[in-house]
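Comments concern the structure below.
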Amino acid sequence: MTDATVARLAAVGKRYGPLTALDGLDLVVRRGELLALLGPNGAGKSTSIGLLLGLIRPDAGRAELFGLDPQRIEARRRIGVMLQSSNLPFTLRVGELLRLTMSYYPHPRGYDETAALAGIADLLQRPYGKLSGGQQRRVQFALALCGRPELLFLDEPTVGMDIEARQKLWAAMRALVAEGCAVVLTTHYLEEAEALAQRVVVLGQGRVLSEGSVDDLRRRVALTRIRCVSDLDAAAIAAWPGVASATRDGAHLSIATAQAEMVVRRLLDGDPALAELEVQRAGLAEAFTELTRDTTLQEAA
Amino acid sequence: MNAAILSAAPADAGRMPAGRVLGAYLAEARSECLRYLRAPGFMLPILLFPGLFYLVFGILMAKANGADAARYLLASYGVFGVMSPGLFGFGVSLALERDGGLLTLKRALPMPPGAYLLGKMLMAMAAAAVVTLMLLAMALGLAHVPLTVAQVAGLFATSMLGVLPFCALGMFVGTLIKGQGAPGMLQLVYLPMSFLSGLWFPLSMLPNALQQIAPLWPSYHLDRVALATVGIGHEPVLPHVLVLAGFGVAFFVLAVRRLRRVG
């Protein structure tokens, strides 16, 4: 446990009947960092969050929030929470929900400040049930940050939001991190993790597959993506040395390789009519696919 | 816990003055009451059925049955009316909120312990108060049932406390069933139990076997207390109160255990 640990899972195991959800998982959240928790469905993200929030108890190992049992209310007064699905009371107005949640905390953020930060100032008088899905998510975000938390759990926060709302939420998350608030973010949008996270933990089958900065993660997967218009045979290219995969999409060829220079040379030699050549380093999406492919294959088997 | 964390956070991190904790309990209860008083789908049936039944059977048709019919049915329909905020207000909302994720969120948030259940309990008591006052107004204003102030106050108090065992029963059913199945299941508890306890017809009109098993139902005992309160029947009230208290505690303990285990 380092100086700045705010939450931690230590060698945590959790089983649901015959299913192993977490298998000796170690996870540390440090003060003020934005940690993205990624992984395919069933990797153990929700279970990890549930353990850190004290919603479920580990079968083995320990879960800690500010060095305390997560079920202690003193620990939970220092966190904010936005879960994947929570149907808040439809007949209550947004402002009433906000004031109720603020009452749980010792030093809540100001009412107007919270509304402005979450972008719900125009919704305060509306009944929650009359809001659109994206607006409801913004209200849930406001409830998560209203207690001036030191640690914020955001489980798939931008699902159902349009691009503008998502950008606003990203900006608010950056502002919170700048204030020193740590954030644990789970998301299916890898560009979200890429844009926001200082550290990324990839889970698979209840274990940590990879941990590091976004760049570290990208570097672990030394793949480059090549796209071009060509009538070369995709299946033949897939068999070339150094080619990880090659697929055809209409006129376009799409190739993933660790040796881009060699493959590009061979492509140009093979097809003088080749056009619209694009070479791009793999993003988080490719890295993620590569990292989790083995576990997905095992699951499929 | 190591020293570095302590020094990084304010010394009183996570602690809250008692005044603010009390404020959180009040805010929770206020929200719970507001949300249901604003939901006509919840309040209307609770008010409508006992009110309508009492108007038809207790006032309009009871004139032929003598003066005491309106008095008798004030107690019985009062009990019938008080059961539903307990069973439905508590049970259905708990079942829906376990399903919809609200309970999970509340458990993750630093809501003070028990505030959620306490809020629902106060809401059920508020709804029971509204039903009882409505029936009392009808009894006094329309049927001209002669009631002393002590009887009115007694019936009101009986309703306020009488809703609690049904809160516990509703809560238990709410922990057994998730989501939309709960209202149907609770109707299956509510309506037969009311009938078998003699809330709709006097017990003496039911078959002997059903009369024998009536003491099994909590509503029977609450009805005995309510009848004694308005001046009908001369049996001691205490045994019935004890049965109701035991019933309430038992279901509350069962429900809390299930909530802890299953969530």
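Any read-out appearing in this document is the output of simple, stated calculations on the displayed coordinates, not a laboratory observation. This structure is a prediction, so every number in the text was calculated from the model and none was measured. Note that each Cβ is placed from the backbone with ideal geometry, even for glycine, and that neighbours are counted across all protein chains shown.
Quick one: if the Förster radius is 60 Å, what FRET efficiency do B:ARG261 and B:THR148 give, using the C-beta to C-beta distance and rounding to 0.05?
Numbers: r = 48 Å, r/R0 = 0.81.
With R0 = 60 Å, the Cβ-Cβ based efficiency is 0.80.
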Residues whose modelled amide H sits under 5 Å from the amide H of A:VAL183, counting only those 5 or more places away in sequence or on another chain, are A:GLU33, A:LEU34, A:LEU35, A:LEU152
Counting all Cα-Cα pairs in the protein assembly as shown, those more than 37 Å apart amount in percent to 48 percent
Summing +1 per Lys or Arg and -1 per Asp or Glu among the other residues with Cβ less than 15 Å from B:LEU203's Cβ gives -1
Taking Cα atoms only, helix B:149-176 is inclined relative to the longest principal axis of chain B by an angle, in degrees rounded to 10, of 50 degrees
For A:ALA239, placing the label point 7 angstrom along Cα-to-beta-carbon and taking region A:247-268, residues whose amide nitrogen sits under 16 Å are A:247
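Would you compute, from DSSP H runs of 4+ residues alone, the mean residue ellipticity of chain A at 222 nm, taking -39500 (n - 2.57) per run and dividing by the full residue count, rounded to the nearest 500? Please report the intermediate quantities before stating the final value.
Details: 11 runs with 106 residues, N = 301.
Taken over chain A, the calculation gives -10000 deg cm²/dmol.
Within the P(r) computed for region B:100-179, what percentage of the Cα pairs occupies the region above 14 Å? Walk me through the numbers on the way to the answer.
Numbers: 2253 of 3160 pairs.
Cα-Cα pairs in region B:100-179 separated by more than 14 Å: 71 percent.
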Note, region A:78-90: 3J(HN,Hα) by Karplus (6.51, -1.76, 1.60, θ = phi - 60°), whole Hz, Gly/Pro = x, goes 9, 10, x, 9, 10, 8, 5, 9, 9, 7, 6, x, 5
For chain B, the longest principal axis of the Cα atoms and the Cα long axis of helix B:115-141 enclose an angle in degrees, to the nearest 10, of 20 degrees
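Note down the magnitude of the dipole of region A:5-218 about its Cα centre, charges +1 on Lys and Arg C-beta and -1 on Asp and Glu C-beta and zero elsewhere, to the nearest 20 debye.
Around 560 debye, computed over region A:5-218.
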Taking a crude spin-label model, label points 7 Å out from Cα along the C-beta direction, the A:GLN280 to A:SER213 distance in nm is 2.3 nm
Per the rule of 0.36 nm per residue minus the C-alpha distance, extending B:ASP12 to B:LEU216 adds in nm 68.2 nm
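Evaluate the charge dipole of the protein assembly as shown about its Cα centre and quote only its size in Debye, nearest 20, assuming +1 on the Cβ of each Lys and Arg and -1 on the Cβ of each Asp and Glu.
Values: 52 positive and 44 negative charges, 330 e Å.
I would put it at about 1580 debye.
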Once amide hydrogens are built 1.01 Å from N within the peptide plane, the residues lying 5 or more places from B:ALA143 or on another chain with amide H under 5 Å from its amide H are none
In degrees, nearest 10, the alpha-carbon axis of helix B:67-84 is tilted away from the dominant principal axis of the alpha carbons of chain B by 20 degrees
Sorted largest first, the C-alpha extents of region B:17-262 along its principal axes in whole angstrom are 58, 38, 33
Counting sequence-distant residues (5 or more places) and residues on other chains, those with an amide H built under 5 Å from that of A:LEU209 are A:VAL202, A:LEU203, A:GLY204
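Taking the Cβ-Cβ separation of A:VAL159 and B:LEU140 as r and a Förster radius of 60 Å, what is the calculated FRET efficiency to the nearest 0.05?
Values: r = 56 Å, r/R0 = 0.93.
So the FRET efficiency works out to roughly 0.60.
Give me Rg/Rg_expected for chain A, where Rg uses Cα atoms only and Rg_expected = 2.2 N^0.38 Å with N residues. Write out the running numbers ahead of the final one.
Working: Rg = 22.5 Å, N = 301, 2.2 N^0.38 = 19.2 Å.
This ratio for chain A stands at 1.17.
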The percentage of Cα-Cα pairs in region A:222-281 separated by more than 20 Å is 9 percent
Restricted to chain A, the DSSP antiparallel beta bridge percent, nearest 5, is 70 percent
Note on the protein assembly as shown, DSSP bridge orientation, antiparallel percent to nearest 5 equals 70 percent
With Cα springs under 10 Å, the Gaussian network model of chain A assigns the largest mean-square fluctuation among A:GLU194, A:GLU179, A:GLU156 to A:GLU179
Label model pair A:ASN87, B:MET205: point-to-point distance (7 angstrom along the Cα→beta-carbon line) in nm is 3.9 nm
